[in-house]
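Here the structure is laid out as structure tokens; the discussion comes afterwards.
A short reminder: the numbers here are calculations on the coordinates, not readings from a lab. Keep in mind that this is a model prediction, so the values were computed, not measured. All Cβ positions, glycine included, derive from the backbone under ideal geometry; neighbour counts span all protein chains shown.
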Amino acid sequence: MSDKGVLATDKRGIRELGAEKKVGWDEVPQGVVLNSFEEMLDPKHGAASLKPEERTYSDFNSFTATVASWRVIKPVYNRDICIDCQNCWVWCPDTSIISRDKQMIGIDYDHCKGCGVCVEVCPTNPKSLLMFGESMDGDEALAGWPEKKKKEKK
Ligand code: SF4
Ligand code: SF4
């Protein structure tokens, strides 16, 4: 059973979707099925075969509601140092690293929670991702990027 009258209660998401009259998660009837996509999940012709920006999301998909307001620190990406190893893409717990054809493109700031996992797993020297305060300007962060660390002689 699908119930189109149900939507997440994230205020920003509700405003964006014009869904103020819909009910919140705590009002969802037991056993209700909330479809994530308008397309069928057919691997050849449905949402699974499409890139995220090409899918038609249903009102119930968390992609349609931003959680940016939860974040106090954010990752900034430095393209000049990145080696496209995809570590950040693999480890991000919120699928917020955007990668196409095995190339890191950037960060989905609508869904990134600012956990810093991507920075921890980035192997370059210096790192190609670093955490900054939420209000930090991206260009300013890049301008002050650290230099390569030299190995200490033993
Ligand atoms: S800070 Fe966390 S949520 Fe944001 S992109 Fe990095 S790993 Fe993903
Ligand atoms: S982990 Fe670092 S080097 Fe690897 S793709 Fe991500 S930003 Fe680039």
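Once you've got the Cα coordinates, tell me which of 113/150; 127/150; 113/148; 51/102 are over 21 Å apart. Going by Cα-Cα distance, 113/150; 113/148 fall outside the 21 Å limit. Apply the Debye scattering formula to the range 41-154, with a single equal point scatterer on each alpha-carbon and no solvent, then give log10 I(q)/I(0) at q = 0.12 Å⁻¹. So the normalised log intensities work out to -0.50.
Assuming a ≥ b ≥ c are the square roots of the Cα gyration tensor eigenvalues, decide whether the range 44-95 counts as rounded (a/c under 1.5), prolate (otherwise, with a/b larger than b/c) or oblate. Since a/c reaches 1.5 but b/c is at least a/b, the shape of the range 44-95 is classed as oblate. Residues whose amide H falls under 5 Å from that of residue 105, counting only those 5 or more places apart or on a different chain, are 98, 99, 100, with hydrogens built in the peptide plane. Counted residue by residue at 0.36 nm each, then reduced by the alpha carbon distance between them, the extension gain from residue 142 to residue 99 reaches 13.5 nm.
The separation of the range 29-100 from the range 111-138, counted between C-alpha centres, amounts to 18 Å. Placing unit charges on the Cβ atoms only, positive for Lys and Arg and negative for Asp and Glu, gives the range 68-143 a dipole magnitude near 200 debye about its Cα centre.
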